[in-house]
Amino acid sequence: MLASFYFLMEFFFKNSRNLFFTLIVISLFTLFFYFYKKNKISNEKQYQKTDCPKSHFAIAYFGQSNSANSVNKISKLHIPDNLYQYNWKDNKCYMYKEPLIGATDIRGNSITPFAISLANNIENNLLIIPYGIGNTNIESWSEGDNSLFHRTLLDNLKSKKIKVQLFLFHQGESDAFVVRNLSKKIEKSNYSQMYLFNLLKIIDQTRVYFPESHFGLSIVSKCYSTKPNHYITDSQKEATKLRHKVFISADSDSIYGRKYRYDGCHFNLKGAEEISKMYSIKFMKNILKY
(Lines give C-alpha, C1' and ligand atoms only; values in the text may rest on other atoms or scores of the structure.)
Protein backbone atom coordinates (compact mmCIF):
# COMPACT_ATOMS: atom_id res chain seq x y z
CA MET A 1 0.00 0.00 0.00
CA LEU A 2 2.73 2.44 0.98
CA ALA A 3 4.72 1.53 -2.13
CA SER A 4 1.71 2.26 -4.29
CA PHE A 5 1.26 5.65 -2.62
CA TYR A 6 4.88 6.59 -3.27
CA PHE A 7 4.52 5.43 -6.88
CA LEU A 8 1.51 7.67 -7.46
CA MET A 9 3.18 10.66 -5.82
CA GLU A 10 6.28 10.17 -7.95
CA PHE A 11 4.14 9.74 -11.08
CA PHE A 12 2.19 12.98 -10.56
CA PHE A 13 5.01 15.20 -9.38
CA LYS A 14 7.38 14.08 -12.11
CA ASN A 15 4.76 14.79 -14.74
CA SER A 16 2.80 17.92 -13.87
CA ARG A 17 0.67 17.48 -17.00
CA ASN A 18 -0.70 14.23 -15.62
CA LEU A 19 -1.56 15.91 -12.35
CA PHE A 20 -3.20 18.84 -14.11
CA PHE A 21 -5.23 16.55 -16.36
CA THR A 22 -6.40 14.45 -13.42
CA LEU A 23 -7.48 17.52 -11.44
CA ILE A 24 -9.43 18.81 -14.43
CA VAL A 25 -11.26 15.49 -14.84
CA ILE A 26 -12.08 15.32 -11.12
CA SER A 27 -13.31 18.93 -11.13
CA LEU A 28 -15.53 18.44 -14.16
CA PHE A 29 -17.01 15.27 -12.73
CA THR A 30 -17.68 17.02 -9.40
CA LEU A 31 -19.39 19.95 -11.16
CA PHE A 32 -21.48 17.62 -13.32
CA PHE A 33 -22.62 15.64 -10.29
CA TYR A 34 -23.40 18.85 -8.36
CA PHE A 35 -25.57 20.36 -11.10
CA TYR A 36 -27.27 17.02 -11.76
CA LYS A 37 -28.30 16.72 -8.11
CA LYS A 38 -29.30 20.39 -7.96
CA ASN A 39 -31.47 20.08 -11.05
CA LYS A 40 -33.06 16.86 -9.78
CA ILE A 41 -33.90 18.44 -6.42
CA SER A 42 -35.26 21.54 -8.18
CA ASN A 43 -37.51 19.43 -10.42
CA GLU A 44 -38.78 17.45 -7.45
CA LYS A 45 -39.71 20.68 -5.70
CA GLN A 46 -41.19 22.16 -8.85
CA TYR A 47 -43.58 19.35 -9.75
CA GLN A 48 -45.41 17.41 -7.08
CA LYS A 49 -47.01 14.23 -8.40
CA THR A 50 -50.35 13.36 -6.86
CA ASP A 51 -53.40 11.18 -7.40
CA CYS A 52 -55.81 12.58 -9.96
CA PRO A 53 -58.80 13.97 -8.04
CA LYS A 54 -61.80 11.66 -8.38
CA SER A 55 -64.17 14.59 -8.10
CA HIS A 56 -63.15 17.36 -10.50
CA PHE A 57 -64.04 19.85 -13.19
CA ALA A 58 -61.61 19.30 -16.06
CA ILE A 59 -60.60 21.85 -18.69
CA ALA A 60 -58.45 20.89 -21.69
CA TYR A 61 -56.44 23.76 -23.19
CA PHE A 62 -54.82 23.35 -26.59
CA GLY A 63 -53.99 25.01 -29.91
CA GLN A 64 -50.85 26.92 -30.85
CA SER A 65 -48.28 28.99 -28.94
CA ASN A 66 -50.62 31.34 -27.07
CA SER A 67 -52.18 28.25 -25.47
CA ALA A 68 -48.73 26.86 -24.70
CA ASN A 69 -46.12 28.12 -22.20
CA SER A 70 -45.35 31.30 -24.15
CA VAL A 71 -46.20 34.05 -21.60
CA ASN A 72 -42.94 35.87 -20.97
CA LYS A 73 -42.97 35.44 -17.17
CA ILE A 74 -44.08 32.88 -14.63
CA SER A 75 -47.17 33.97 -12.70
CA LYS A 76 -46.65 34.92 -9.04
CA LEU A 77 -50.31 34.37 -8.13
CA HIS A 78 -50.97 32.07 -5.18
CA ILE A 79 -52.00 28.62 -6.38
CA PRO A 80 -54.91 27.10 -4.41
CA ASP A 81 -54.75 23.54 -3.11
CA ASN A 82 -57.64 22.36 -5.32
CA LEU A 83 -55.88 23.22 -8.60
CA TYR A 84 -54.21 20.36 -10.48
CA GLN A 85 -52.69 19.66 -13.89
CA TYR A 86 -52.63 16.51 -15.99
CA ASN A 87 -49.47 15.38 -17.78
CA TRP A 88 -50.20 13.46 -20.98
CA LYS A 89 -46.61 12.21 -21.15
CA ASP A 90 -47.02 9.86 -18.19
CA ASN A 91 -50.83 9.92 -17.79
CA LYS A 92 -50.42 11.28 -14.24
CA CYS A 93 -51.66 14.29 -12.30
CA TYR A 94 -49.57 16.94 -10.55
CA MET A 95 -50.20 19.95 -8.39
CA TYR A 96 -50.50 23.02 -10.62
CA LYS A 97 -47.18 24.71 -11.34
CA GLU A 98 -45.76 26.71 -14.24
CA PRO A 99 -44.36 25.98 -16.74
CA LEU A 100 -47.29 23.64 -17.25
CA ILE A 101 -46.33 20.07 -18.03
CA GLY A 102 -47.37 18.89 -21.49
CA ALA A 103 -47.48 22.24 -23.28
CA THR A 104 -44.50 23.39 -25.36
CA ASP A 105 -42.10 26.17 -24.29
CA ILE A 106 -40.82 26.85 -20.77
CA ARG A 107 -42.54 30.01 -19.52
CA GLY A 108 -45.94 31.04 -18.18
CA ASN A 109 -49.32 30.00 -19.55
CA SER A 110 -52.22 32.26 -20.52
CA ILE A 111 -54.80 30.06 -18.78
CA THR A 112 -53.19 30.41 -15.33
CA PRO A 113 -55.02 33.54 -14.05
CA PHE A 114 -58.35 32.06 -15.15
CA ALA A 115 -57.55 28.65 -13.63
CA ILE A 116 -56.56 30.19 -10.29
CA SER A 117 -59.61 32.45 -10.20
CA LEU A 118 -61.96 29.58 -11.04
CA ALA A 119 -60.35 27.23 -8.50
CA ASN A 120 -60.80 29.88 -5.82
CA ASN A 121 -64.49 30.21 -6.61
CA ILE A 122 -65.67 26.61 -6.94
CA GLU A 123 -66.00 23.96 -4.27
CA ASN A 124 -64.83 21.18 -6.59
CA ASN A 125 -61.26 20.36 -7.64
CA LEU A 126 -60.12 21.95 -10.90
CA LEU A 127 -57.99 19.91 -13.29
CA ILE A 128 -56.23 21.67 -16.20
CA ILE A 129 -55.09 19.55 -19.14
CA PRO A 130 -52.53 21.61 -21.11
CA TYR A 131 -51.21 20.46 -24.48
CA GLY A 132 -50.78 23.55 -26.65
CA ILE A 133 -48.09 23.24 -29.32
CA GLY A 134 -46.38 26.29 -30.78
CA ASN A 135 -46.64 27.13 -34.49
CA THR A 136 -49.28 24.52 -35.31
CA ASN A 137 -51.89 25.01 -38.02
CA ILE A 138 -55.51 23.85 -38.12
CA GLU A 139 -54.84 20.86 -40.42
CA SER A 140 -52.26 19.44 -38.03
CA TRP A 141 -54.99 19.18 -35.36
CA SER A 142 -57.74 17.92 -37.65
CA GLU A 143 -55.93 15.28 -39.71
CA GLY A 144 -52.16 15.57 -39.19
CA ASP A 145 -49.82 14.18 -36.54
CA ASN A 146 -51.42 16.29 -33.82
CA SER A 147 -54.79 14.74 -34.64
CA LEU A 148 -53.44 11.29 -33.74
CA PHE A 149 -51.83 12.75 -30.63
CA HIS A 150 -55.09 14.46 -29.68
CA ARG A 151 -57.17 11.29 -30.03
CA THR A 152 -54.63 9.23 -28.09
CA LEU A 153 -54.66 11.77 -25.28
CA LEU A 154 -58.47 11.73 -25.13
CA ASP A 155 -58.46 7.95 -25.05
CA ASN A 156 -55.98 7.99 -22.16
CA LEU A 157 -58.13 10.48 -20.27
CA LYS A 158 -61.15 8.20 -20.59
CA SER A 159 -59.14 5.21 -19.40
CA LYS A 160 -58.07 7.32 -16.42
CA LYS A 161 -61.76 8.12 -15.76
CA ILE A 162 -61.07 11.83 -16.24
CA LYS A 163 -64.16 13.50 -17.69
CA VAL A 164 -63.40 16.68 -19.61
CA GLN A 165 -66.28 19.13 -19.32
CA LEU A 166 -64.70 21.99 -21.28
CA PHE A 167 -62.24 22.25 -24.17
CA LEU A 168 -60.65 25.63 -24.85
CA PHE A 169 -59.12 25.89 -28.31
CA HIS A 170 -56.81 28.78 -29.23
CA GLN A 171 -55.58 28.56 -32.81
CA GLY A 172 -55.65 30.72 -35.91
CA GLU A 173 -52.50 32.85 -36.09
CA SER A 174 -50.64 30.41 -38.36
CA ASP A 175 -53.57 29.98 -40.74
CA ALA A 176 -54.15 33.73 -40.93
CA PHE A 177 -50.83 34.12 -42.78
CA VAL A 178 -51.85 31.53 -45.37
CA VAL A 179 -55.46 32.62 -45.78
CA ARG A 180 -54.87 36.38 -45.85
CA ASN A 181 -54.02 36.59 -49.55
CA LEU A 182 -55.22 33.22 -50.74
CA SER A 183 -58.84 33.67 -49.67
CA LYS A 184 -59.31 36.71 -51.84
CA LYS A 185 -58.72 34.50 -54.87
CA ILE A 186 -60.38 31.19 -53.98
CA GLU A 187 -62.96 31.78 -51.22
CA LYS A 188 -66.51 32.53 -52.32
CA SER A 189 -67.81 33.30 -48.85
CA ASN A 190 -66.94 35.72 -46.06
CA TYR A 191 -65.16 32.98 -44.13
CA SER A 192 -62.61 30.31 -44.93
CA GLN A 193 -64.51 27.17 -45.80
CA MET A 194 -61.38 25.05 -45.42
CA TYR A 195 -60.58 26.44 -41.96
CA LEU A 196 -64.18 25.90 -40.87
CA PHE A 197 -64.17 22.34 -42.23
CA ASN A 198 -61.04 21.50 -40.21
CA LEU A 199 -62.31 23.25 -37.09
CA LEU A 200 -65.59 21.30 -37.15
CA LYS A 201 -63.62 18.10 -37.70
CA ILE A 202 -61.61 18.76 -34.51
CA ILE A 203 -64.80 19.38 -32.55
CA ASP A 204 -66.43 16.23 -33.93
CA GLN A 205 -63.36 14.10 -33.17
CA THR A 206 -63.37 15.42 -29.61
CA ARG A 207 -67.07 14.69 -29.19
CA VAL A 208 -66.50 11.01 -30.01
CA TYR A 209 -64.82 10.75 -26.61
CA PHE A 210 -66.71 13.42 -24.66
CA PRO A 211 -70.05 13.95 -26.46
CA GLU A 212 -71.50 16.35 -23.88
CA SER A 213 -68.44 18.53 -23.45
CA HIS A 214 -68.51 22.26 -24.06
CA PHE A 215 -66.13 23.72 -26.65
CA GLY A 216 -64.81 27.28 -26.28
CA LEU A 217 -63.23 28.92 -29.33
CA SER A 218 -61.05 32.00 -29.12
CA ILE A 219 -61.39 34.66 -31.77
CA VAL A 220 -57.78 34.58 -32.88
CA SER A 221 -56.00 35.60 -36.07
CA LYS A 222 -53.50 38.32 -35.12
CA CYS A 223 -49.80 37.66 -34.71
CA TYR A 224 -47.26 40.35 -35.68
CA SER A 225 -50.15 42.05 -37.51
CA THR A 226 -52.37 44.91 -36.39
CA LYS A 227 -55.33 43.76 -38.50
CA PRO A 228 -57.46 40.69 -37.80
CA ASN A 229 -58.18 38.21 -40.59
CA HIS A 230 -61.96 38.03 -40.92
CA TYR A 231 -61.76 34.85 -43.01
CA ILE A 232 -60.41 33.11 -39.90
CA THR A 233 -62.43 34.90 -37.23
CA ASP A 234 -65.71 34.54 -39.14
CA SER A 235 -65.00 30.82 -39.48
CA GLN A 236 -64.61 30.59 -35.70
CA LYS A 237 -67.91 32.42 -35.23
CA GLU A 238 -69.65 30.25 -37.84
CA ALA A 239 -68.64 27.09 -35.97
CA THR A 240 -70.71 28.18 -32.96
CA LYS A 241 -73.83 28.08 -35.17
CA LEU A 242 -73.17 24.60 -36.53
CA ARG A 243 -72.39 22.60 -33.38
CA HIS A 244 -74.14 22.48 -30.01
CA LYS A 245 -72.37 23.68 -26.86
CA VAL A 246 -69.77 25.57 -28.91
CA PHE A 247 -69.22 29.20 -27.95
CA ILE A 248 -66.74 32.05 -28.30
CA SER A 249 -64.58 31.92 -25.18
CA ALA A 250 -62.52 35.10 -25.77
CA ASP A 251 -61.70 37.73 -28.36
CA SER A 252 -57.92 37.53 -28.20
CA ASP A 253 -57.53 39.75 -31.28
CA SER A 254 -58.84 42.64 -29.17
CA ILE A 255 -55.96 42.15 -26.70
CA TYR A 256 -53.23 43.75 -28.72
CA GLY A 257 -50.30 46.14 -28.51
CA ARG A 258 -47.12 46.26 -26.44
CA LYS A 259 -49.18 46.61 -23.29
CA TYR A 260 -50.40 43.05 -23.71
CA ARG A 261 -47.94 41.33 -26.09
CA TYR A 262 -44.23 41.50 -25.41
CA ASP A 263 -43.14 40.64 -28.97
CA GLY A 264 -46.17 41.62 -31.02
CA CYS A 265 -47.63 38.12 -30.92
CA HIS A 266 -47.34 36.39 -27.53
CA PHE A 267 -49.06 37.53 -24.36
CA ASN A 268 -47.25 39.02 -21.40
CA LEU A 269 -48.67 38.72 -17.88
CA LYS A 270 -51.08 41.61 -18.52
CA GLY A 271 -52.30 39.96 -21.71
CA ALA A 272 -52.77 36.65 -19.89
CA GLU A 273 -54.85 38.46 -17.26
CA GLU A 274 -57.03 40.04 -19.94
CA ILE A 275 -57.78 36.85 -21.83
CA SER A 276 -58.41 35.10 -18.51
CA LYS A 277 -61.03 37.72 -17.64
CA MET A 278 -62.76 36.90 -20.92
CA TYR A 279 -62.60 33.18 -20.16
CA SER A 280 -64.17 33.84 -16.76
CA ILE A 281 -67.05 35.88 -18.19
CA LYS A 282 -67.84 33.35 -20.92
CA PHE A 283 -67.49 30.47 -18.46
CA MET A 284 -70.09 32.04 -16.19
CA LYS A 285 -72.44 32.60 -19.11
CA ASN A 286 -72.06 29.31 -21.00
CA ILE A 287 -71.15 26.77 -18.33
CA LEU A 288 -72.64 28.05 -15.09
CA LYS A 289 -75.47 29.84 -16.97
CA TYR A 290 -75.19 33.02 -14.89
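The values are calculated or read from the model by the stated rules, or taken from the named source; none is laboratory data. Because the structure is a prediction, the values reported are computed rather than measured. With ideal geometry, Cβ positions are generated from the backbone for all residues, glycine too; neighbour counts draw on all protein chains shown. The accessibility values were calculated without ligands, DNA or RNA, using every heavy atom of the protein model including side chains. Shrake-Rupley method; radii C 1.70, N 1.55, O 1.52, S 1.80 Å.
Derived scalar couplings between HN and Hα for region 256-267 equal 9, x, 4, 5, 10, 10, 6, 10, x, 9, 9, 5 Hz in order, rounded to whole Hz, by the Karplus curve 6.51 cos²θ - 1.76 cosθ + 1.60 (θ = phi - 60°), x for Gly and Pro.
Which part of region 209-239 falls in the paramagnetic zone of ASN190, meaning amide N under 18 Å from the point 7 Å along Cα-to-beta-carbon? From region 209-239, the list is 219-221, 228-239. Say each of ARG107 and LYS92 gets a label point 7 Å from the Cα, pointing the same way as Cα to Cβ; how far apart are those two points in nm? The answer from the label model is 2.9 nm.
At a probe radius of 1.4 angstrom, the accessible area of region 202-280 per residue rounds to 41 square angstrom. Residues whose amide H falls under 5 Å from that of ARG261, counting only those 5 or more places apart or on a different chain, are ASN268, with hydrogens built in the peptide plane. Does region 162-290 come out rounded, prolate or oblate, given a ≥ b ≥ c as the square roots of the eigenvalues of its C-alpha gyration tensor, rounded meaning a/c under 1.5 and, failing that, prolate meaning a/b above b/c? Verdict is oblate for region 162-290. Under a 5 Å amide H cut-off, with hydrogens placed 1.01 Å from N, ILE74 pairs with GLY108 among residues at least 5 apart or on other chains. Here region 92-119 is scanned for amide nitrogen atoms under 16 Å from the site 7 Å beyond the Cα of SER159 along Cα-to-Cβ, giving 92-93.
A 18 angstrom limit on the alpha carbon distance is what I want to check against. Which of LYS92/LYS201; LYS73/LYS227; LYS92/LYS158 exceed it? Flagged as over cut-off: LYS92/LYS201; LYS73/LYS227.
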